[in-house]
């Protein structure tokens, strides 16, 4: 059984003079022979994982080769997105396949949402303590 691991919330500057904390998770994304250390915002309100365009390019993805379109909602609804799957490594946990809506929207963070990050990991938020806990799903 793999133990849970706790991570601190990241301090961010949300606007001039304001500081806030958000649950950003460090992880490594891999595709073929490329790998990228990054961080993703845990967003329980997001239906899908979202991969920023620049990170997809760094992983070697080619927009024209990815033909399965994904329709996004909310602030990202006006931007095109394509479905892609990459390997993800969180801490020392086993590698998982994460499906992303790879978007051309500028200035969007990597978002870890319901499909399929929260299918692969159990997450417990301790907002008052500014930390969160991650555990790989147990069993089938």
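The values are calculated or read from the model by the stated rules, or taken from the named source; none is laboratory data. The structure presented is a predicted model; accordingly, all values stated were derived computationally and were not measured. Counting neighbours? That spans all protein chains shown, and the Cβs are built from the backbone with ideal geometry, glycine included.
Here are a few things to note about the model shown:
- Just one of (1) free of Cβ contacts under 8 Å to residues at least 40 places away in the same chain; (2) farther than 30 Å from residue 6 by Cβ fails for residue 53. It is (1).
- Meets criteria (out of contact with any strand residue (DSSP E or B) (no Cβ under 9 Å at 6 or more places or on another chain) and within 19 Å of residue 5 (Cα to Cα)) for residue 77: no
- Any hit, the range 78-85, residues being surrounded by 15 or more Cβ atoms within 10 Å (Cβ to Cβ), within 14 Å of the chain's Cα centre (by Cα) and under 17 Å from residue 41 (Cα atoms): no
- Matching entry among 98, 112 (being surrounded by 14 or more Cβ atoms within 10 Å (Cβ to Cβ), in contact with a strand residue (DSSP E or B) (Cβ under 7 Å, 6 or more places away or on another chain) and closer than 16 Å to residue 7 by Cα): 112
- Of the residues 41, 25, 61, the single one that is at pLDDT 95 or above, surrounded by 18 or more Cβ atoms within 10 Å (Cβ to Cβ), assigned to a loop (DSSP other than H, G, I, E, B) and out of contact with any helix residue (DSSP H, G or I) (no Cβ under 7 Å at 6 or more places or on another chain) is 61.
Residue-wise test of (1) crowded, with 17+ Cβ neighbours inside 10 Å; (2) farther than 22 Å from residue 37 by Cβ; (3) without any contact (Cβ under 8 Å) to a residue 40 or more places away in the chain; (4) within 15 Å of the chain's Cα centre (by Cα).
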position: 90; (1), (2), (3), (4): yes, no, no, yes
position: 93; (1), (2), (3), (4): yes, no, no, no
position: 102; (1), (2), (3), (4): yes, no, no, yes
position: 116; (1), (2), (3), (4): yes, no, no, yes
position: 119; (1), (2), (3), (4): no, yes, yes, yes
position: 128; (1), (2), (3), (4): no, yes, yes, no
